[in-house]
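Below is one structure, written out as structure tokens, with a few remarks after it.
The values are calculated or read from the model by the stated rules, or taken from the named source; none is laboratory data. If you're wondering where the values come from, they're calculated on a predicted model, not measured in any experiment. Quick reminder, even Gly has a Cβ in these numbers, built from the backbone with ideal geometry, and neighbours come from all protein chains shown. Ligands, DNA and RNA are excluded from the accessible area calculation, which covers all protein heavy atoms including side chains. Shrake-Rupley method; radii C 1.70, N 1.55, O 1.52, S 1.80 Å.
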Amino acid sequence: MGKLMKYEFRKQLMSKIIILAVGAVLEILFVLGLFLEKEKWLGTATGLLLTTAFIGLFYLSFESVVTFSNDLRTKQSYMLFLTPRNMFQVVGAKIVVTVIQIFGAGLLFTLIAIGDVALVCSKYGKIQELFDALKEFIKAITGAEIRLSEIIYVLLMVLVTWLLVITMAIFAITLSTTLFANKKYKGLISVLIFFVLEYVIGKVAMLMVPTGFLQGKYLVVTTEAWAYIGVYALAMVLNFVGTALLLEKKVSV
């Protein structure tokens, strides 16, 4: 599966180069604005860095869906689906690459943010005030103090939810090119199936939601909260298996 992953990274390399280049230019602008005390540069760079991080993460997350659709609808499919690999490896490689991209880009932008905060603190010497302000900001929004376990849970929930949407999209695309290949409105049918899946999975997961996370002044992650993630993870696995089986039995290139 390593060769398939390398193939996926190579197909998606240009987008990563563009995001890195834009981020590097904005980071240079941020540093110059900070040390030259150009507030306008500093503010512009900060805003654009945040925008780049959001758009970059979003695009990298769903780029595998776009390339998968192209693989099924263009001549690229001959290169991919005629390789001596089973469909579990082909789809699995796409999902693993997506996970690596999300983690890699997320880690990169997090390190940039930490570095920028450290630079600001080293220049103005207000690191404690900054952390206190951040803590109060979170408390004002959530109405409670957030501990490390809750932060980990939220990050994991975001990742699983993201991957669920991606696997549902891949499954829907697979349906449109296999079971509904000869249907006039196959694209519309697949879109409807995507939203039906999203609705059903959401309803099932809601049955696992606790009556409340708040206990005292802390946000507490309960067993039911982990079950919520479990439902999403199971649905993600089922989408993956369904996609691979459909490709094994129905795909025609």
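A residue that is at pLDDT 80 or above and not hydrophobic (A, V, I, L, M, F, W, C) can be found somewhere in the stretch 215-233.
Checking Gly104, Gly115 one by one, the residue that is at pLDDT 80 or above, open to solvent by 20 Å² or more (accessible area, probe 1.4 Å) and more than 22 Å from Leu60 (Cα to Cα) is Gly115 and no other. Among residues belonging to the stretch 21-45 that are under 22 Å from Leu60 (Cβ atoms) and in contact (Cβ under 8 Å) with a residue 60 or more places away in the chain, point out the one that is surrounded by the most Cβ atoms within 10 Å (Cβ to Cβ). Filtering first and then ranking leaves Phe30. Restricting the stretch 6-15 to residues that are in contact (Cβ under 8 Å) with a residue 24 or more places away in the chain and open to solvent by 40 Å² or more (accessible area, probe 1.4 Å) leaves a set whose member that is farthest from the chain's Cα centre (by Cα) is Tyr7. Condition check for Met79 on (1) modelled with pLDDT under 80; (2) open to solvent by less than 20 Å² (accessible area, probe 1.4 Å); (3) over 20 Å from the mean Cα position of the chain (by Cα): one failure, at (2).
Filtering the stretch 31-57 to residues that are within 26 Å of the chain's Cα centre (by Cα), modelled with pLDDT of 85 or more and of a type in the set (A, V, I, L, M, F, W, C) leaves Ala45, Leu48, Leu49, Leu50, Ala53, Phe54, Ile55.
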